[in-house]
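So the structure is just underneath, and the comments pick up after that.
The values are calculated or read from the model by the stated rules, or taken from the named source; none is laboratory data. Every value quoted in this text rests on a predicted model; they were computed, and no experiment measured them. Using ideal geometry, Cβ is built from the backbone for each residue, glycine included, and neighbour counts are taken over all protein chains shown. For the accessible areas, the whole protein counts, side chains as well, though only heavy atoms, and no ligand, DNA or RNA atoms are used. Shrake-Rupley method; radii C 1.70, N 1.55, O 1.52, S 1.80 Å.
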Amino acid sequence: MKTLSCALALAAALAFGPAPCVAQNEAPVGASGISSPAPPRDQLLTADQVREDLAITRQTLEQIHPGYTRYTSQGTLDALWQDATAKALANPTRGNLYLQISRVLAAIRCDHTKAELPADFEKARQEEPLYLPFRYAIFDDRLFVIDPGETDLVAGAEILAIDGTPASEVIAKVFELFPVDGDTDYIKGESVVAQGEFMGPAFDHFYPFLFDTRPEVTLSVAGMDDVTVKRWSYAQFEEQTGTRRFSSNFDSSVTFKLLDDRAAYLSVDTFVNYRRPVDPDTIYGPVFERMAKSGRETLILDLRRNGGGSNDAQIGLVQWLMPSAFRQADAMLVKSDRIDPAIKPYLSTWEQAALNPDPAWFEKREDGLFEIINPFVGKPAKSIPAKPGAFKGKVIVLTSTDNASGVTHLLSVLRTQRPDTVFIGEKTGGASTGATAGILFYLNLPHSGANVRVPLQRTIITQADKLDPRGGITPDIRAEDTLLSTLAGTDPAMEAAVAYLSKTDQ
């Protein structure tokens with residue numbers, strides 16, 4: 001399901017004060033693709049500082065990331081690091097270094113491997129007008145207005161250029177920087193405009209590192225004269241769109257209702273259960289108890305807005321959907337059984353045991369990775385019991401390109417171990433054979449101030465040989481959102497599910 005958001009960013013790469021170890025030379029206006037009246041500008045780094053941040057990032061990824069060469073060859077990544085170094089040295093600003101690191105990270109093809117903005121850059125995003133004052137979506141690599149707000153635009157209009165740069169060029173450059181799992185590039189059109197882990201859409205997140213930006217932007221629009229609009233601040237963006245960064249929590253994202261005498265509907269919009277944790281059974285238990293009492297024999301499970309989250313909320317749901325005990329993962333792997341002392345000072349994580357691993361916790365495999373044999377960071381259970389009273393009727397799952405991470409794990413279990421499940425919707429993101437995620441390290445770069453997320457674990461899903469080794473889950477019935485359905489407010493996947501129910505009842 002398309003999550004609609006709006007926005008192009010203004011001065012995210014401005015520095016609001018000197019960062020530690022940063023040379024205090026002021027970069028010329030536009031040196032990192034930024035033009036703004038608010039000094040100080042992005043700061044220059046020395047060549048040694050650029051090389052050190054890049055070296056620390058590369059060393060950490062090569063030593064710790066268990067999926068570093070899973071989808072991309074070592075030779076390709078080596079060439080990308082060389083190119084990133086040359087481009088960062090040619091324009092040695094903190095913003096450009098962040099851009100070059102992000103480009104290499106995207107090439108690893110791991111959705112959990114991202115670079116977070118330095119704190120002062122993020123502060124600039126909070127205080128400057130960053131966002132276009134209307135909602136938009138990307139379909140077929142083209143940019144369309146969905147809700148014009150108070151502008152002179154019209155719903156459905158195609159934006160052809162932004163400040164003279166073709167929209168297709170902007171989209172292509174942003175896509176190059178956006179990380180996805182494996183070969184799931186087809187999700188980028190939706191994902192870069194969704195309110196996700198970035199502060200607003202990834203489209204605005206990367207735009208100011210690529211192009212000059214100003215408080216007003218001129219748009220070339222098909223069938224209309226050019227339109228000039230003033231950007232919103234982040235506060236205005238939140239108020240007008242109703243979206244909040246990191247706002248979804250599992251306990252308030254579950255909806256259940258009885259549809260008719262045949263089916264019930266359950267939506268779970270996130271598995272994030274770490275900000276406001278609850279026992280998942282306190283949420284799922286009453287739902288499936290009501291299902292049982294109602295006598296409904298079909299469940300439409302809507303996961304289209306769910307991008308993942310906590311294992312307990314995800315596995316807890318599978319336990320209510322499986323008729324008997326199941327296994328989700330065959331192994332949990334790490335790249336190394338130790339942490340290099342040279343990089344440890346730059347690492348932090350919520351799981352302190354991961355910073356000081358005992359080699360006895362691991363067993364080396366023939367492929368060079370290490371399998372966790374001690375459950376210090378989540379050794380998979382050999383058998384997970386189904387819940388007493390688990391639902392044994394027909395399950396129809398609505399899917400979307402939003403699905404990734406633990407949601408794709410759940411879908412993989414249903415695909416392989418509950419084969420009567422019917423999937424309707426869009427082809428998902430994520431790694432169906434197992435994500436590279438789990439415990440994350442945060443690598444704090446000493447000179448740019450950026451933080452790089454480095455996953456520690458790689459999951460090997462049970463019966464992975466039955467799944468796409470480089471992609472997500474392909475639905476049995478394709479029902480995709482389009483520009484027309486979005487503008488009309490219709491729901492192709494739900495309509496397809498109702499049609500499927502009617503057909504099977506005949």
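Please pick out the residue among 299, 317, 266 that is touching a Ser or Thr at 6+ places or on another chain (Cβ under 9 Å), at pLDDT 95 or above and either open to solvent by 10 Å² or more (accessible area, probe 1.4 Å) or under 15 Å from residue 395 (Cα atoms) (or both).
Answer to the check: 266.
Condition check ((1) buried (at least 20 other Cβ atoms within 10 Å of the Cβ); (2) outside any strand (DSSP E or B)) across all residues:
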position: 424; (1), (2): yes, no
position: 430; (1), (2): yes, yes
position: 443; (1), (2): yes, no
position: 452; (1), (2): yes, no
position: 458; (1), (2): yes, no
position: 487; (1), (2): no, yes
position: 504; (1), (2): no, yes
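The sole residue among 293, 257 that is assigned to a strand (DSSP E or B), surrounded by fewer than 19 Cβ atoms within 10 Å (Cβ to Cβ) and either touching a residue at least 60 places away in the same chain (Cβ under 8 Å) or more than 20 Å from the chain's Cα centre (by Cα) (or both) is 257.
Would you check which residues across segment 460-475 are surrounded by 16 or more Cβ atoms within 10 Å (Cβ to Cβ) and either modelled with pLDDT under 95 or not hydrophobic (A, V, I, L, M, F, W, C) (or both) and list them?
Initial filter on segment 460-475 (surrounded by 16 or more Cβ atoms within 10 Å (Cβ to Cβ)): 461-462, 464, 467-468, 471-473, 475.
Once the filter is applied, which keeps residues that are surrounded by 16 or more Cβ atoms within 10 Å (Cβ to Cβ) and either modelled with pLDDT under 95 or not hydrophobic (A, V, I, L, M, F, W, C) (or both), segment 460-475 yields 462, 468, 471, 472, 475.
Okay, residues lined up against (1) of a type outside the set (Val, Ile, Thr); (2) closer than 29 Å to residue 400 by Cβ; (3) in contact with a Phe, Trp or Tyr (Cβ under 9 Å, 6 or more places away or on another chain); (4) surrounded by 22 or more Cβ atoms within 10 Å (Cβ to Cβ):
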| site | (1), (2), (3), (4) |
| --- | --- |
| 145 | no, yes, yes, yes |
| 151 | no, yes, yes, no |
| 156 | yes, yes, yes, no |
| 161 | yes, no, no, no |
| 172 | yes, yes, no, no |
| 181 | yes, yes, yes, yes |
| 200 | yes, yes, yes, yes |
| 227 | no, no, no, no |
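Residue 395 passes every criterion in (1) among the β-branched types (Val, Ile, Thr); (2) out of contact with any Leu (no Cβ under 6 Å at 6 or more places or on another chain); (3) closer than 20 Å to residue 321 by Cα apart from (2).
For segment 149-178, the tally of residues that are farther than 29 Å from residue 98 by Cβ and either of a type in the set (Val, Ile, Thr) or out of contact with any strand residue (DSSP E or B) (no Cβ under 8 Å at 6 or more places or on another chain) (or both) stands at 3.
For residue 396, the test of being part of a strand (DSSP E or B), modelled with pLDDT of 95 or more and crowded, with 23+ Cβ neighbours inside 10 Å is passed.
Take the conditions open to solvent by less than 40 Å² (accessible area, probe 1.4 Å), modelled with pLDDT under 85 and part of a helix (DSSP H, G or I) and apply them to residue 237. Does it pass? Quick ask: steps written out before the conclusion?
Numbers: open to solvent by less than 40 Å² (accessible area, probe 1.4 Å): yes; modelled with pLDDT under 85: yes; part of a helix (DSSP H, G or I): yes.
Judged against the criteria, residue 237 is a match.
Remark: residue 390 falls outside the filter, which requires a residue to be of a type in the set (A, V, I, L, M, F, W, C), open to solvent by 20 Å² or more (accessible area, probe 1.4 Å) and part of a loop (DSSP other than H, G, I, E, B).
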